[in-house]
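Data first, discussion second: the structure below is written as structure tokens.
The values are calculated or read from the model by the stated rules, or taken from the named source; none is laboratory data. All values derive from a computational prediction rather than experimental measurement. Backbone-built Cβ (ideal geometry, glycine too); neighbour counts: all protein chains shown.
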Amino acid sequence: KQARDLVKEFDGQIERLPRDWLERLGKEKGQPLRIGKRLVIMRAKEKREAGSFPYRLVLRAGMAFGTGEHATTAMSLRLLEQVTRRWTSDWSLVDVGTGSGILALAAKCFGAKRVIGIDADPTAIATAKENARLNKIDNVDFRVTDVRRWKPPPKIDIVTANLFSELLVEVLPKLKRSRWLILSGVLRGKQEDELIGALQRNKIDIVQVRRRGKWIAILARL
């Protein structure tokens, strides 16, 4: 019953998994994820070239969230590419709830000078650091940090936050030091309305709302 309730709220399907499900998952191959004309993302098991894309990210997701295949991650990546398309290299990003580090690493590909990725889960940060090494990307500051206790730097150009909606609304005042916000992890309907209301109360302008399935991602500007 709990599984059915979760499917009803968050979408998806119920499937009985074999005991070696994690090992099998690691061997699966997925389609490359193309982000604009600048970045292609693929799993570590895949041996494909980037083709006409200037940048390629190869990810080993492990138990951390984020190979780019989930709607929230894909929408956030595309909004990040859209916003930074004409930016120079002198900009900064903080990725809150970094998971596998995919958004932080994409920011480095797009030219960010300073990148911080935070997550409360040590497994996520270990995976993010491994993905950085795998792609030979350095100068990304991955930290095990609870966003509730996180002290944001005085100036940030863009914050990406893929969090549960209640937590996102709670920490939104902390994110106001950024010029741009990309917010995801929110379901359409009640959660969307609550987040939009919180943005309006904090006098943050909504630039764009993307929807895919039951999920949304919001681009906002201060």
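Observations on the model:
- Count of residues meeting criterion [outside any helix (DSSP H, G or I) and closer than 23 Å to Asp146 by Cα] in the stretch 182-209: 7
- Here the condition is being modelled with pLDDT under 95, under 23 Å from Leu39 (Cα atoms) and crowded, with 18+ Cβ neighbours inside 10 Å; of Gly185, Gly117, it holds for Gly185 alone.
- Taking the stretch 75-107 as the range and being among the charged types (D, E, K, R), over 21 Å from Val144 (Cβ atoms) and not in a helix (DSSP H, G or I) as the test, the residues that pass are Arg85, Arg86, Asp90.
- Some residue of the stretch 158-168 being at negative phi, among the hydroxyl-bearing types (Ser, Thr, Tyr) and modelled with pLDDT of 95 or more: yes
- Restricting Lys155, Lys136 to those that are at positive phi, over 15 Å from the mean Cα position of the chain (by Cα), among the charged types (D, E, K, R) and surrounded by fewer than 20 Cβ atoms within 10 Å (Cβ to Cβ) reduces the list to Lys136.
- Taking each residue of the stretch 176-200 that is in contact (Cβ under 8 Å) with a residue 24 or more places away in the chain and looking for partners that are of a type in the set (D, E, K, R) and surrounded by 17 or more Cβ atoms within 10 Å (Cβ to Cβ) with beta-carbon atoms closer than 6 Å, six or more apart or interchain, yields Arg179/Asp157; Val186/Glu192.
- Which listed residue is closer than 22 Å to Leu163 by Cβ, buried (at least 16 other Cβ atoms within 10 Å of the Cβ) and either among the aliphatic types (A, V, I, L, M) or at pLDDT below 90 (or both), from Thr84, Thr73, Thr67: Thr67
- Close Cβ contacts (under 9 Å, 6 or more residues apart or on different chains) running from residues in the stretch 148-165 that are basic (Lys, Arg) to residues that are assigned to a loop (DSSP other than H, G, I, E, B) comprise Arg148/Ala120.
Let's see how each residue does on (1) polar (S, T, N, Q); (2) in a strand (DSSP E or B):
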{"position": "Thr127", "(1), (2)": "yes, no"}
{"position": "Ala132", "(1), (2)": "no, no"}
{"position": "Arg143", "(1), (2)": "no, yes"}
{"position": "Arg149", "(1), (2)": "no, no"}
{"position": "Trp180", "(1), (2)": "no, yes"}
{"position": "Arg211", "(1), (2)": "no, yes"}
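- The stretch 151-175: number of residues that are under 23 Å from Phe110 (Cβ atoms), of a type outside the set (A, V, I, L, M, F, W, C) and outside any loop (DSSP other than H, G, I, E, B): 3
- Applying the condition of being among the β-branched types (Val, Ile, Thr) and buried (at least 22 other Cβ atoms within 10 Å of the Cβ) to the stretch 205-222 and asking which residue is farthest from Val96 (Cα to Cα) yields Ile216.
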